[in-house]
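**Q** Encoded as structure tokens, here's the structure I'll be asking about.
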Amino acid sequence: MVSIEDKKISPSKKIIDDVKIQIIYIPLKSKLGYVYKPTVKVGDYVCIDDTLGINVTTDFALKSSVSGTIVGIEKKYISNGHLVDCLVIENDFKEKYRNKLGKKKDITKYSKECFLYMLQNSGITGMGGGDYPTFIKYSTNNKINYLIVNGIESEIYSSSDNALMYNYAEEILECIDAITEIMDIDKAYIAINENNSVIIKKFLKHINTYPNIKIYPIIDAYPSGWERYLVNEITNLNYENNPSEVGVIVNNVSTIYSIYELLKYNRPSTEKIVTIAGAGVRKPANYKVKIGTNFSELMLKTDGYSKINNPVLVAGGAMMGKSIPTDELIITRDLNTILVLEETNQKSEKCIKCGKCSEVCPVGLMPVMIIDSNDRTKKLRIDKCIGCGLCSYVCPSKIEVREILESMKEK
């Protein structure tokens, strides 16, 4: 367990976007297990938007976030705690595009076929943490009635999406309007924490020109940003596997902004706003960095670490994050928060079968039974676990229940 404090960074605080990182690492395997076959080799010069690799199953493209030279392949950690091969690019800071197009005035004028092709070829994935290729969500034959934009940040430190919404509310609204027009979607809702008045006011300032887009305040409780909860709360619909079954698409607000840059400037997903916080960080802030930035190099270029006892690095939020054994961690599209916390060294004890983990589980699982029964995990629906971490949080025996469940899910 780690000690935590609720120290969310104000969304009005300046996003730090002037840190220059020379060596960029582009993972050839995603958090969800998508493997990319390289289409470049050492010595090749690449531009922003050049394809570096292809997933042969989906024809999904892996794009370069910088211009520069491929100098090798190295193993680095990604957000799920796995060591993966990464293409290493020496950034020349020239920001070159091979075929840079101008700004598009009206982004509603794309055809559906063109929109889907652009998503597939751009490398945009779920930037709220899901990492799922965005084009697959939109490549449904079902009629989509609702688009839900997830602007909920219920993790106690995470504030990158709040910073994005504060600074780019107009652009987000323009993009939502374009998507609903292109995909013939009836209504769109932006889900925002009900007590986040600063962000709500930002959207309300411009939303009157978009009659089909509504703000939907959501109770400020963890994990209120859970996709299944949002769909049911906003549309009163339930689904088995994915929201498109009932005519709904859910995108994180960061994903929407990436789509905006794609439609407006034909720009791939090259940058990410990430919250760097915790007791071990000297200057907690939201940083806008190139995708492929090595966290250790980012810390060297900034104010760096505070001295704490037993520091632990967490990729993701305090509840749902993954402990990483080194700061050689690559910032990818799905990574919203990196924490440096102080470990309390609380020893776990034997499970006392109290059932508290089952009481708090938002999907109605019985973790107390699952972790004690390897041969019945499928029957007990371990696949439904959303990894929220509430089971670990309430456990009186200090058992890392979530980590056990995640390991069992992988197996």
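**Q** So which of Ile148, Ile144, Ile136 is part of a loop (DSSP other than H, G, I, E, B), over 13 Å from the mean Cα position of the chain (by Cα) and surrounded by fewer than 24 Cβ atoms within 10 Å (Cβ to Cβ)?
**A** Criteria check complete, one pass: Ile144.
Results for (1) farther than 28 Å from Lys272 by Cα; (2) at pLDDT below 95; (3) outside the structural domain of Tyr157 (by TED's automatic domain parsing); (4) out of contact with any helix residue (DSSP H, G or I) (no Cβ under 8 Å at 6 or more places or on another chain), shown as yes or no for each residue.
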position: Tyr210; (1), (2), (3), (4): no, no, no, no
position: Ile213; (1), (2), (3), (4): no, no, no, no
position: Pro217; (1), (2), (3), (4): no, no, no, no
position: Pro223; (1), (2), (3), (4): no, yes, no, no
position: Asn232; (1), (2), (3), (4): yes, no, no, yes
position: Leu237; (1), (2), (3), (4): yes, no, no, no
position: Val248; (1), (2), (3), (4): no, no, no, no
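**Q** Filter the stretch 114-125 for residues that are surrounded by fewer than 22 Cβ atoms within 10 Å (Cβ to Cβ) and either assigned to a loop (DSSP other than H, G, I, E, B) or in contact (Cβ under 8 Å) with a residue 24 or more places away in the chain (or both) and give the result.
**A** Scanning the stretch 114-125 gives Phe115, Met118, Gln120, Asn121.
**Q** Within the stretch 99-113, can you find the residues that are without any contact (Cβ under 8 Å) to a residue 60 or more places away in the chain and surrounded by 12 or more Cβ atoms within 10 Å (Cβ to Cβ)?
**A** Across the stretch 99-113, the qualifying residue is only Lys109.
**Q** Here is a follow-up. Considering only the stretch 304-406, give the helices (runs of 4 or more DSSP H) lying wholly within it that have at least 1 residues that are at pLDDT 90 or above and of a type outside the set (D, E, K, R).
**A** 356-360, 390-394
**Q** Applying the selection to the stretch 239-297, what residues are part of a strand (DSSP E or B), in contact (Cβ under 8 Å) with a residue 60 or more places away in the chain and more than 18 Å from the chain's Cα centre (by Cα)?
**A** Passing the criteria: only Val248.
**Q** Would you confirm whether or not the stretch 190-213 contains a residue that is over 24 Å from Lys288 (Cβ atoms), small (Gly, Ala, Ser) and outside any helix (DSSP H, G or I)?
**A** Taking every residue of the stretch 190-213 in turn, none turns out to be over 24 Å from Lys288 (Cβ atoms), small (Gly, Ala, Ser) and outside any helix (DSSP H, G or I).
**Q** Of all residues in the stretch 197-215 being surrounded by 15 or more Cβ atoms within 10 Å (Cβ to Cβ) and in contact (Cβ under 8 Å) with a residue 40 or more places away in the chain, which is farthest from the chain's Cα centre (by Cα)?
**A** Ile213
**Q** Being in a loop (DSSP other than H, G, I, E, B) and either of a type in the set (A, V, I, L, M, F, W, C) or touching a Lys or Arg at 6+ places or on another chain (Cβ under 6 Å) (or both) narrows it down to one residue among Gly81, Gly43; which is it?
**A** Numbers: Gly43 fails: either of a type in the set (A, V, I, L, M, F, W, C) or touching a Lys or Arg at 6+ places or on another chain (Cβ under 6 Å) (or both).
Gly81 is the lone residue from the list that is in a loop (DSSP other than H, G, I, E, B) and either of a type in the set (A, V, I, L, M, F, W, C) or touching a Lys or Arg at 6+ places or on another chain (Cβ under 6 Å) (or both).
The values are calculated or read from the model by the stated rules, or taken from the named source; none is laboratory data. These figures come from a predicted structure and were not determined experimentally. FYI the Cβ positions are ideal-geometry reconstructions off the backbone, even for glycines, and counts take in every protein chain you see.
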